[in-house]
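The values are calculated or read from the model by the stated rules, or taken from the named source; none is laboratory data. Bear in mind the structure is a predicted one, so any value in this text is a computation, not a measurement. Don't worry about glycine lacking a Cβ; one is built from the backbone with ideal geometry, like all the others, and counts go over all protein chains shown. Heavy atoms of the whole protein, side chains included, go into the accessibility calculation; ligands, DNA and RNA do not. Shrake-Rupley method; radii C 1.70, N 1.55, O 1.52, S 1.80 Å.
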Amino acid sequence: MNLEEQAFAQEFIRLATDGDARGWHERNGGNLSYRLTAAEIEACVDCFHNTAPWNAIRTAVPVLGGAFFLLTGSGKCMRNVRFAPAENTGIIEINAAGNAYRLVWGLTDGKPTSELPTHLAVHALKCTGGKEGNRVIYHAHPAHLIALTFILPLDDALFTRELWEMDIENPIVFPEGIGIVPWVIPGSEAAAAATLEKMRSYRVVVWAHHGTFVCGDTFGDTFGLMDVLEKSAQICGEIIAMGGKRQTVTEKNLRDLADMYDLKLNEAALSANSELEIGIKLCYTVHK
Ligand code: 2HA
Ligand code: ZN
């Protein structure tokens, strides 16, 4: 079978296409990577070549030794992925020591995403302790979330609390909260290190004034997570544009929800001040 027709490749293409349709991928913005299962590697091995040179990975990822990733290419556009998967995406193999990678399929005239250090660092962190989950890592530039990073304090608990209040399902979708990384140079080892630190506690990291990094077990989970975050950020932006909240979801409401659905909610976000002042008072009255 043609590699592009494999179910995982089709799901990868669908996510790239849907993210582009949402407007999250202007020009070459954003990137996506997926760690293949043993069965998928087996099914594709005849399509792989072993002639490309090995490239050093500056921060070695021994736990990923022998892994294969399907990923977008540096400078490639999500909107083109579905029309020419083998030009815009590729599969890399990590060597046994986890300190080098080589291209084994695709990216016929290119190289892996500029954010490869962050993708690999987060995959290494998230694949440990049961190698089944967190196969998908997705970076996008959703406008409302980025806009909020110019308005809300760059604080994990406050950001989490605001987004939780925006959609009743959000505490269920990301009970552990979200991490915020202040401005960092895109593609840098520093960006990877800062993201890694936050990913120890979360599955969502927002890069201030840049975009969002999320990970999920499946393509559907990952896209859904990005989607709820962005919709919540949009609601938050509209509230600010309307002059701020007159009432909101209280700490008690959230604790009741946690009891009912047996959620372990992030305590700092639960007790965060929901009467933020951000130039305008974001919340005028909180009905307790
Ligand atoms: O792929 O979004 O952060 C381009 C980017 C870099
Ligand atoms: Zn980016």
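Structure above, values below:
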| quantity | calculated |
| --- | --- |
| Looking only at segment 15-34, and only at residues there that are within 18 Å of PHE68 (Cβ to Cβ) and among the polar types (S, T, N, Q), the one that is nearest to ligand 2 (Cβ to nearest atom) | ASN31 |
| Restricting segment 88-100 to residues that are touching a helix residue (DSSP H, G or I) at 6+ places or on another chain (Cβ under 7 Å) and open to solvent by less than 10 Å² (accessible area, probe 1.4 Å), the residue that is farthest from GLY19 (Cα to Cα) | GLY98 |
| Any pair with Cβ under 6 angstrom, 6 or more apart, that starts in segment 214-230 at a residue that is farther than 21 Å from LEU148 by Cα and ends at one that is open to solvent by 10 Å² or more (accessible area, probe 1.4 Å) and of a type in the set (Gly, Ala, Ser) | ASP217/GLY133 |
| Those residues of segment 19-50 which are of a type outside the set (Gly, Ala, Ser), open to solvent by less than 40 Å² (accessible area, probe 1.4 Å), within 16 Å of ligand 1 (Cβ to nearest atom) and part of a helix (DSSP H, G or I), in sequence order | none |
| LYS288 of a type outside the set (S, T, N, Q), surrounded by 21 or more Cβ atoms within 10 Å (Cβ to Cβ) and at pLDDT below 95 | no |
| Those helices (runs of 4 or more DSSP H) lying entirely in segment 157-245 with at least 1 residues more than 16 Å from ligand 1 (Cβ to nearest atom), open to solvent by 20 Å² or more (accessible area, probe 1.4 Å) and among the aromatic types (Phe, Trp, Tyr) | 219-241 |
| Within segment 116-131, tally of residues that are open to solvent by 20 Å² or more (accessible area, probe 1.4 Å) and in contact with a His (Cβ under 8 Å, 6 or more places away or on another chain) | 0 |
| Subset of segment 132-156 that is open to solvent by less than 40 Å² (accessible area, probe 1.4 Å) and hydrophobic (A, V, I, L, M, F, W, C) - its residue that is nearest to the chain's Cα centre (by Cα) | ILE137 |
| Any hit, segment 250-273, residues being away from ligand 2 (no atom under 16 Å from the Cβ), of a type in the set (Gly, Ala, Ser) and modelled with pLDDT under 95 | yes |
| Conditions (1) among the small types (Gly, Ala, Ser); (2) farther than 25 Å from ASP221 by Cα; (3) open to solvent by less than 10 Å² (accessible area, probe 1.4 Å): number failed by GLY110 | (3) |
| Qualifying residue in segment 114-131 (condition: within 21 Å of PHE213 (Cβ to Cβ), at pLDDT 95 or above and over 18 Å from the mean Cα position of the chain (by Cα)) | no |
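Each row is one residue, and each column tells you yes or no for (1) closer than 13 Å to TRP105 by Cα; (2) in contact (Cβ under 8 Å) with a residue 60 or more places away in the chain; (3) surrounded by 13 or more Cβ atoms within 10 Å (Cβ to Cβ).
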residue: ALA52; (1), (2), (3): yes, no, yes
residue: ASN55; (1), (2), (3): no, no, yes
residue: THR59; (1), (2), (3): no, yes, yes
residue: PHE69; (1), (2), (3): yes, no, yes
residue: THR72; (1), (2), (3): yes, no, yes
residue: GLY75; (1), (2), (3): no, no, no
residue: MET78; (1), (2), (3): no, yes, yes
residue: PHE83; (1), (2), (3): no, no, no
residue: ALA86; (1), (2), (3): yes, yes, yes
